[in-house]
Amino acid sequence: MEITELTVHELKEKLKNKELTIEKINKAYIDRINEKEEDVQAFITKLTEQGLESAKKQEWNGELAGIPIGIKDNICTNGIKTTCASKMLENFVSPYDATVIEKINSQGMINLGKLNMDEFAMGGSTEYSYFKKTKNPWDLSRVPGGSSGGSAAAVAANMVPWALGTDTGGSIRQPASFCGVVGLKPTYGLVSRFGVVAFASSLDQVGTFTKDVEDCAILLNVIAGKDEKDTTSVDVGNKDYTKALQKDVKGLKIGVPKEFYGEGINLEVKESLEKAIEKYKEMGAEIEEFSLDIAKYALATYYIIACAEASSNLGRFDGIRYTYRSKNAKTLKEIYKKSRSEGFGAEVKRRIILGTYVLSSGYYDAYYKKAQQVRTLVMNQFNKAFEKYDVIITPTSPTVAFKIGEKSNNPMEMYLADICTVSVNIAGLPGISIPCGVDSQGLPVGMQIIGNRFEEEKILKAAYAYEQETKFREKYKPQFRE
Amino acid sequence: MKVSREEILHIANLAQLELEEQEIEKYQSNLQDILDFANIVNNAPVENLDITIGANEMKNVFRKDEVKIFKNIDGLLKNAPEQEQHMFKIPKVLN
């Protein structure tokens, strides 16, 4: 098997047996990046030269030293560009590391590059990047999903063994689903957001893209933990998430919310999920259908809250501190207005306008306050469900990867693609997407497993058991179809 | 609720954005579509429910108010379009 096809736990095994060296591993990944980047366009900043230099010096420590990684370009990396895929931050070089980057670095991992995304993480296809459109490695005429499309595509194309992304309304799970990899959005508060460029602070969370569920648990062990620099982070003690990886799901109670399988869900996606649920039943899990009639309310609530928070968070881009300043501005007021109007792309401006509108006097009660009440409703419904079930299973996305250009001019249609994922962020829950099959065109279908707050172990266990039983990676591979 | 052209201009001004003519029309129609959809929150069964502002229940997380020196001042200021004597530079605001 090619080095770049191995998972991280397999790489570790080969380092241990001295079959591979850190330099050899990194060399293989860098060659792969050089071979595939022209097709996939996953990177905004390649760090392959520095990466190779570090690899030559790095000694293996029995753990993750020397293992390459890719980072979504909204996570701050000291001395390296962090652009958020925006013209506004095209030349921004972060003066410090995000806490998750400090954790990655303290392991001795090697960052091979900053990965493409929708501008400021706003979008579901990575088409809203200022710099380039990332392609789906399964079919290059299709989107990789978004907003962490570069991270998902890079892992699917074996250009990095794993990557970090962020998820505000599905931005890890949906691209993981479209690209046939494993994507985890941890519970709100499990991972520090310090140094992650804020989009919607009450919803944002850093998470992982990996080739399999075991790697997911390994990387979660690295990034989880309370951080005094993020007051919303939570101390859950020292957990080893790899201990949750058990194949036995006998007696596991799985809730299947019927509203997530109805209108708007592609038939082949639905069939794929039904087969997966049947498989769980064979494996001894207890399946029960129930009603969770919140998806539409949750989507509306998500766009109100996320845009409201974004309009405030993006206020800091004023043409004074963060690189871009309009050349046509003379007065201070003009610097603000012209720099923002020229520096932000169309989708970002659309969301700032919506967010400003719902927060403005006269509309605050009708939209923003109402949305916050719906947020309570969504949380209550999930709380009730988790009194009965260990995990909840839904499709990750209503469709498989769509064509480039198919939805980019219709904002409402793009927003509807988030219908299965946003309620998880609204309620602050953990959710994982794992591949559960392919459709008739050979495109991967993602299954979302949702857990109660800080119960990552349960979703990892359910995901691992299914993965070991079905072996998706052995059966299907991206074909880079033109 | 109908979104008027004047409202779009008012909102853009609050958000410190300057819109071109075709953008005004586009955002007016986009905002209308999104609000028509978002209006569904007004049909949600939320009577007597409190509002939720965050995804976890923590509030008032206190820490000591201590000065910590950020060392990489040059790295920070290098991102400013204009700077002078370790300060961000802006045009004159008083005449």
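Structure notes:
- Residues located in region A:403-424, provided they are open to solvent by 30 Å² or more (accessible area, probe 1.4 Å) and in a helix (DSSP H, G or I): A:Met412, A:Glu413, A:Leu416
- A:Phe382 fulfils the conditions (1) in contact (Cβ under 8 Å) with a residue 40 or more places away in the chain; (2) under 25 Å from A:Val424 (Cα atoms); (3) facing another protein chain (nearest Cβ under 9 Å); (4) not basic (Lys, Arg) except for a single criterion, (3).
- Residue within region B:26-38 that is more than 10 Å from every other protein chain (Cβ to nearest Cβ), touching a residue at least 12 places away in the same chain (Cβ under 8 Å) and assigned to a helix (DSSP H, G or I) present: yes
- Residue within region B:57-72 that is modelled with pLDDT under 95, out of contact with any His (no Cβ under 9 Å at 6 or more places or on another chain), outside any strand (DSSP E or B) and surrounded by 14 or more Cβ atoms within 10 Å (Cβ to Cβ) present: no
- Residue that is farthest from A:Ala300 (Cα to Cα), among those in region A:425-456 that are assigned to a loop (DSSP other than H, G, I, E, B) and open to solvent by less than 10 Å² (accessible area, probe 1.4 Å): A:Leu443
- Of the residues in region A:464-479, none is crowded, with 24+ Cβ neighbours inside 10 Å, modelled with pLDDT of 95 or more and small (Gly, Ala, Ser).
- Positions within region A:1-15 being farther than 17 Å from A:Glu35 by Cα and either part of a loop (DSSP other than H, G, I, E, B) or at pLDDT below 95 (or both), in sequence order: A:Met1, A:Leu6, A:Thr7
- Among the candidates A:Tyr297, A:Tyr302, residue that is crowded, with 20+ Cβ neighbours inside 10 Å and within 7 Å of chain B (Cβ to nearest Cβ): A:Tyr297
- Some residue of region A:356-370 being in contact with a Gly (Cβ under 8 Å, 6 or more places away or on another chain) and within 7 Å of chain B (Cβ to nearest Cβ): no
- Sole residue being open to solvent by 80 Å² or more (accessible area, probe 1.4 Å), at pLDDT below 95 and within 10 Å of chain A (Cβ to nearest Cβ), chosen from B:Glu47, B:Glu20: B:Glu47
- The set of residues from region A:321-349 being open to solvent by 20 Å² or more (accessible area, probe 1.4 Å), over 11 Å from B:Gln16 (Cβ atoms) and among the charged types (D, E, K, R) comprises A:Arg321, A:Arg325, A:Lys327, A:Lys330, A:Glu342.
- Any hit, region A:57-68, residues being under 30 Å from A:Arg325 (Cα atoms) and more than 14 Å from every other protein chain (Cβ to nearest Cβ): no
- Wholly within region A:175-269, strands (runs of 3 or more DSSP E) carrying at least 1 residues that are away from every other protein chain (no Cβ under 14 Å), of a type outside the set (Ser, Thr, Tyr) and open to solvent by 40 Å² or more (accessible area, probe 1.4 Å): A:253-257
- Residues in region A:83-108 that are surrounded by fewer than 24 Cβ atoms within 10 Å (Cβ to Cβ) and in a loop (DSSP other than H, G, I, E, B): A:Glu90, A:Asn91, A:Phe92, A:Ser94, A:Pro95, A:Tyr96, A:Asp97, A:Gln107, A:Gly108.
- A:Lys18 modelled with pLDDT of 95 or more and under 16 Å from A:Ala153 (Cα atoms): no
- So A:Ile459, is it over 30 Å from B:Met1 (Cα atoms), of a type outside the set (Gly, Ala, Ser), in a strand (DSSP E or B) and open to solvent by less than 10 Å² (accessible area, probe 1.4 Å): no
The values are calculated or read from the model by the stated rules, or taken from the named source; none is laboratory data. Please read all numbers here as calculations on a predicted model, not as lab measurements. Cβ: placed from backbone, ideal geometry, glycine included. Neighbour counts: every protein chain shown. These area figures cover heavy atoms from the full protein model, side chains too; ligands, DNA and RNA do not enter into them. Shrake-Rupley method; radii C 1.70, N 1.55, O 1.52, S 1.80 Å.
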